[in-house]
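Input: a single structure, listed below in structure tokens.
The values are calculated or read from the model by the stated rules, or taken from the named source; none is laboratory data. Everything numeric here is computed off the predicted structure, so don't read it as measured data. Counting neighbours? That spans all protein chains shown, and the Cβs are built from the backbone with ideal geometry, glycine included.
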Amino acid sequence: MRLMRNVLLATLWISLSALGCSTNESNSLNTAAYEMADMDAASVKSSQEASNGDIQNNVTLDERQLIKRGNMSFRVKNIQTAYQSLLSILKQHQAYISSEQEYTDDYRISFQIEIRVPKDQFDSLSQQIVLIADRLESRSMNVEDVTEQYLDLKTNIENKKVLEQRYEELLKQAKNINEILEIERSLNAVRTDIDNFTKQLDYLSKQVQYSTIQLNFYEELPYKGSQKGDNLLDNIKEALDTGWFVFTRFMLVLIGLWPFYLVGGLIFLLVRKLRKKKA
């Protein structure tokens, strides 16, 4: 009887030990899986950054990601003729107007226009636009090299996609709700990063593919004094109107000072009365 009891206790102890080892082993495997996901992503990131550095050093001028911006200001003889010529030139170079403002005052009519043009048409379009000008006043161009930023964004997207794949594999192996929630939270954060990096890369690509030209051109208007109907009689009439306007304003100012007249008169009478008493 005593022997039987010892055998049962030994069997129970062995079972509990095996169960504990199994649980620890499962936790260790899960922890190792998380660490492996992070290590794989870090390893890929490190290798891709090193690769980007080598690629960037060997990129040719044609392969570099360049954003071109131009600026021109000029006078034209006829603003409407120049505008129609501009539209025709833009059509020939697959370019388009992204923003436009027109201004008119007593001296000139002017346009401020922003143009977007394919990068390979930038130089040709700039040369054609100059031909519209009656007098070129200013012209400038700026080139921004965004190759490094472009490669960094691509690398970040690739790294995040590797990490996304690792988390998806872990999600399939999850054993309980806590693990599922933890993995899904990390997976959503990674996918948000991928979406943000992708939007930045798309915007940068559009800036590279389409260059920008800022135009400011104007037509000078004739001086008003030389217009038909502006003669001596008109000038005399305008002078009379101006004189009358000034006179009426002056009289209104004088009338508006009546309190000072009243106070001044009272002071004058008081002083005069005091002098008579002394006399």
Practice task
Test Asp234 against the stated conditions and say whether it is more than 30 Å from the chain's Cα centre (by Cα), of a type in the set (Asp, Glu), modelled with pLDDT under 90 and not in a loop (DSSP other than H, G, I, E, B).
Solution key: yes
Just one listed residue, out of Ile157, Ile132, is assigned to a helix (DSSP H, G or I) and touching a helix residue (DSSP H, G or I) at 6+ places or on another chain (Cβ under 6 Å), and it is Ile157
When the stretch 159-199 is checked residue by residue, the ones that are among the β-branched types (Val, Ile, Thr), surrounded by fewer than 16 Cβ atoms within 10 Å (Cβ to Cβ) and closer than 30 Å to Gln149 by Cα are Thr192, Thr198
If we ask which residues in the stretch 166-218 are over 30 Å from Ser110 (Cα atoms), among the polar types (S, T, N, Q) and part of a helix (DSSP H, G or I), their number turns out to be 9
If we keep only residues of the stretch 99-110 that are among the polar types (S, T, N, Q) and surrounded by fewer than 13 Cβ atoms within 10 Å (Cβ to Cβ), then the residue farthest from Tyr218 (Cα to Cα) is Ser99
If we ask which residues in the stretch 64-94 are without any contact (Cβ under 8 Å) to a residue 24 or more places away in the chain and under 30 Å from Ser205 (Cβ atoms), their number turns out to be 3
Checked Glu137, Glu144 against criteria (closer than 27 Å to Glu220 by Cα and part of a strand (DSSP E or B)); the one match is Glu137
